[in-house]
Amino acid sequence: QVQLVESGGGLVQAGGSLRLSCAASGSGFSINAMGWYRQAPGKQRELVSTITTAGRIHYADSVKGRFTISRDNVKNTVFLQMNSLKPEDTAIYYCNYYPHFTSWGQGTQVTDSS
């Protein structure tokens, strides 16, 4: 059974930075592409960024140039460096396999404090 645990969220002013982490337990991390997703209040969950096992990366247009995804296959962890944060980045952030989901974690809240 895979367990995904996100961390690193918090209150941040517009223009600030945060680094999110997602630790995966169980098997499967090293053979799956990973994605960061977010869900803002009253909106559907959306895909933010993905990274394949070979390191191929994709970003949603809304975060391109501001967010950076990376992964550590030894530590079974995927990261999301978020810079130049905007109020519209406020959401709960989740990680999961891409494109085929496993169980969702609890997510980590990112909130604009401006």
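Couple of notes before you dig in:
- Note on segment 74-103: among residues that are hydrophobic (A, V, I, L, M, F, W, C) and exposed (fewer than 14 other Cβ atoms within 10 Å of the Cβ), the one that is farthest from the chain's Cα centre (by Cα) is Val74.
- Which numbered condition Phe101 misses (of (1) part of a loop (DSSP other than H, G, I, E, B); (2) touching a helix residue (DSSP H, G or I) at 6+ places or on another chain (Cβ under 7 Å)): (2)
- Residue, surrounded by the fewest Cβ atoms within 10 Å (Cβ to Cβ), within segment 104-114, restricted to residues that are assigned to a strand (DSSP E or B) and within 13 Å of the chain's Cα centre (by Cα): Gln109
- When Asp61 is tested against (1) out of contact with any Asp or Glu (no Cβ under 9 Å at 6 or more places or on another chain); (2) assigned to a strand (DSSP E or B), only condition (2) is not met.
- For segment 64-90, the set of residues classified as within 12 Å of Leu18 (Cβ to Cβ), of a type in the set (A, V, I, L, M) and part of a strand (DSSP E or B) consists of Leu80, Met82, listed by residue number.
Taken together, the values in this text are just the output of simple stated rules run on the coordinates, not laboratory data. Small disclaimer: the values here were computed from a predicted structure and weren't measured. For neighbour counting, all protein chains shown are included, and Cβ atoms are generated from backbone atoms with ideal geometry for every residue, glycine included.
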